[in-house]
Amino acid sequence: MSTPRISERLPVDREHALFLLREMLRIRRFEEKAAEMYSLQKIRGFLHLYIGEEATGVGAMQAFTPEDAIVATYREHGHALARGIPTGSLMAEMFGRATGCSHGHGGSMHFFDKSRRFYGGYAIVGGGLPIAVGLALADKLQKRPAVTTCFFGDGAVAEGEFHESMNLAALWKLPVVFLCENNLYAMGTALARHQAQTDISLKAESYGVASSAMDGMDVLAVEAAARQAADFVRGGNGPYLLELRTYRFRAHSMADPDLYRTKQEIEEWKKRDPILLFQSQLREWKLLTDTDAARIEAEVTAEIDEAVRFAEAGPWEPVEQLLNDVQGRVAS
Amino acid sequence: MTYREAVRAALRKALQSDPRVFLMGEDVGRYGGAFAVSHGLLEEFGAERIRDTPLSESTFVGAGIGAALGGMRPIVEIMTVNFSLLALDQIVNNAATIRHMSGGQFNVPLVVRMATGGGRQLAAQHSHSLEGWYAHVPGIKVLTPATVPDAYGMLLAALREPDPVFIFEHATLYPLEGEMEEDTGLMDITQAAVRRPGRDVTLITYGGSLGKTMEAASLLAKDGIEAEVIDLRSLRPLDTPTILDSVARTHRAVVVDEAWRTGSFAAEISTQIMEKAFDELDAPVLRVCSEEVPMPYAKHLEEAALPQVNGIVGAAKRIVS
């Protein structure tokens, strides 16, 4: 598959460049810490790491305002961090604490944050797309200028809900940015082993959804493409599908022995590590010094360490409250 | 007024009084509803609020969830309960879980209506009674209006709920004529109703089986057996106290449920009575359910598969004598 490159770079200023780098590093270090906490059995259940895909979440999130809505997947740590959900509340969620962003009810796969219009991580592949369509419908009916963005992977394009959602969003001209993070594998099945047509943006076009594909390892290219997509949608032109071509460096989850791809393939992709790639770009452009790099690294490490302390200190929800959040009360 | 007109009147009232309410589903607009429930509403309220959808049950139910999260009060119509299985992922994995999974941050005020039940010779893909499956799931409410006032009032009450409510309208009820008071408005949806008082046996039913059960009670009365008929109205939450109160007086119970017997909601009711009123019982709780067969087309076979009045009478007599 050929990977299109953006031809014209964003005129990126130093402050923004360092911000993007820092955001990607926050995710990388958070995920590394999560893996460590998993091996210490502080985190249990499924844990799907975002390492390798940092540029897609960070770049894409720059295109959305606090008024916009986000719908994510079970590999959503990067989306949540890039959306600004406090690191400690995310770590605490994975520790199962009441101070977690979902009060310990969701764990790694189900981060939610109402104040940031983060409508959750969904763990049934494709299940978030119809919800994004509905959120966009609600915004449109209430004449709010917001857009909804929905992250999903290449595996989701095999689900009926992908096709139904493309059709409905296009039919009703809804303000949705569909963000397909194509990491080439639906768990352990390569795209070409489960799709007759491997060009995802082509599928969208057949439903009348405007679309494009972009190198998902280049954070500036992702940001530019996401801004274009979001502007298109904000202009009342209906939905847009942006396919971001990326790769996860770790296994599907901590339970995955990763037997379905070669070490060589992984090593090839690691040469395009989005963080290393961006760092060397910035050094080339003289936007990043060794001092900057060391400072950012130290600040990020401190933030993640503090998140672990916050998680450790968090209380457990009392068992007496087990049934509290099943149903609400009718307002009088 | 018919049951169909009562549902339509409730839809109209909801659409008039709350700008957040809209209706979507297959053929609800231009066609007027597969059961003609929404006939005329497109002309009255326009295409923004009466939305025809593609045949995409999973996505239009999921879009209902999203719209509810986004501040609307969607009413989603699914043509029949058999079709709702295409949306089961959205209903069970999303609608029912989001409040809990989000630690109570989000709620999904979604109302989903659908037709259920057999008796119209529509064979094995349009005739089943699967509401008991839905009643298995915490996080949603399951209503089964059986009368004209309930068809109206329960829909309006459902729209005030902060969480997903599923309303099962038995398809044979749509032409049912009934009286409705002028001031029928909001009603309680958590309580069962005693539709006929009696002292000898409690007949517990809901939805499309209420009529047959009332007829059976009349026949039993001719033989000197006074049956009390309980219309559950809501399967989740279940009004267990009303059931137990009645059984404490009659000491006998028959559950009438159009769903299949195995793993049925009738089994749940029977178990609740056994667990909570064992000492009150003078006889085993009996169940009158559908036969264990996909619904046949031929009239005589369908009748044989569904609970019938004589079966209810027979079951009651077996434990009363």
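Bear in mind these aren't lab numbers, they're just calculated from the coordinates by the rules spelled out. Because the structure is a prediction, the values reported are computed rather than measured. Counting neighbours? That spans all protein chains shown, and the Cβs are built from the backbone with ideal geometry, glycine included.
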Listed residue (B:243, A:202, B:217) projecting farthest to the positive dipole end of the protein assembly as shown, Cβ model: A:202
Could you give the length gained by full extension between residue A:142 and residue A:187, i.e. 0.36 nm per residue of separation minus their alpha carbon distance, to one decimal place? 12.4 nm
What number, in percent, do you get for the relative contact order of chain B if the mean sequence gap of Cα pairs under 8 Å and at least 6 apart is divided by its residue count? 16
Rounded to two decimals, what is the ratio between the C-alpha radius of gyration of chain A and 2.2 N^0.38 Å? 0.97
Full-extension gain between residue A:115 and residue A:313, please, as 0.36 nm times their residue separation minus the C-alpha to C-alpha distance. 69.0 nm
What are the residues whose amide H is under 5 Å from the amide H of residue B:195, where those residues sit 5 or more places off or on another chain and H is modelled from the backbone? B:229, B:230, B:231
Take the Cα radius of gyration of region B:193-320 and divide it by 2.2 N^0.38 Å, with N its residue count; two decimals is plenty. 0.99
Region B:3-173: D in µm²/s via Stokes-Einstein (Kirkwood Rh, Cα pairs, 25 °C, 0.890 mPa s)? 156
Given backbone amide H placed at 1.01 Å from N, residues whose amide H is under 5 Å from that of residue B:170, ignoring those fewer than 5 places away on the same chain, are B:116, B:208
Point-charge dipole on Cβ atoms (K/R +1, D/E -1) for region B:3-173, about Cα centre, debye to 20: 260
Computed over region A:39-164: relative contact order in percent, which uses C-alpha pairs under 8 Å that are six or more apart: 27
In whole percent, what relative contact order does region B:193-320 give with Cα contacts below 8 Å and a gap of six or more residues? 28
Could you check which residue among A:196, A:313, A:55 shows the biggest mean-square fluctuation in a GNM of chain A with a 10 Å Cα cutoff? A:196
Looking only at other chains, what is the average number of their beta-carbon atoms within 10 angstrom of each beta-carbon in B:118-126? 0
Could you list B:122, B:203, A:168, A:276 in order of exposure, starting from the residue whose Cβ has the fewest other Cβ atoms within 10 Å? A:276, B:122, A:168, B:203
How far is helix B:210-222 tilted, in degrees, relative to the longest principal axis of the Cα atoms in chain B, given as a value from 0 to 90 rounded to the nearest 10? 20
Give the separation of the Cα centroids, region A:223-270 to region B:176-218, in Å. 56
Any chance you could give the angle, 0 to 90 degrees and rounded to 10, that helix B:265-277 forms with the longest Cα principal axis of chain B? 60
Just want the ordering: A:265, A:54, from fewest to most Cβ atoms lying within 10 Å of their own Cβ. A:265, A:54
Pairs to check: A:33/A:263; B:13/B:141; B:141/B:212; A:114/A:271; A:114/B:141; B:212/B:276. Give those whose C-alpha atoms are more than 29 Å from each other in this structure. A:114/A:271
Between A:33, A:140, A:286, find the one with the highest GNM mean-square fluctuation for chain A; connect C-alpha pairs within less than 10 Å. A:286
Answer in debye to the nearest 20: the dipole magnitude of chain A about its Cα centre, from +1 Lys/Arg and -1 Asp/Glu charges placed on Cβ, is 360
Taking Cα centroids, how far is region A:189-215 from region B:260-321 in Å? 52
Between B:42, B:25, B:102, whose Cα lies farthest towards the positive end of the dipole of region B:3-173 when Lys and Arg beta carbons carry +1 and Asp and Glu beta carbons carry -1, centred on the Cα centre? B:102
GNM, chain A, Cα, under 10 Å: largest mean-square fluctuation among A:259, A:137, A:242? A:259
Expected 222 nm ellipticity per residue - DSSP helices of 4 or more, -39500 (n - 2.57), all of chain B, to 500: -10000 deg cm²/dmol
Cα to Cα, under 21 Å, and not fewer than 8 places away if on the same chain: which lysines meet these conditions relative to residue A:173? A:140, A:143, A:203
With a Förster distance of 30 angstrom and the Cβ-Cβ distance between residue A:329 and residue A:19, calculated FRET efficiency to the nearest 0.05 equals 0.10
Calculate the all-directions average of the projected area of the protein assembly as shown's alpha-carbon convex hull, and give it in nm². 31.7
Exposed loop chymotrypsin sites (Phe, Trp or Tyr not before Pro) only (DSSP loop, at most 16 other Cβ atoms within 10 Å): please give the longest stretch of chain B free of them, not including the sites. B:32-296
Quick one: dipole size for region A:289-330, taken about the Cα centre, charges +1 on Lys/Arg Cβ and -1 on Asp/Glu Cβ, in debye to the nearest 20. 320
Sorted by Cβ density within 10 Å, fewest first, the residues A:172, A:285: A:285, A:172
Residue B:287 long-range amide H proximity, modeled H, under 5 Å: B:255
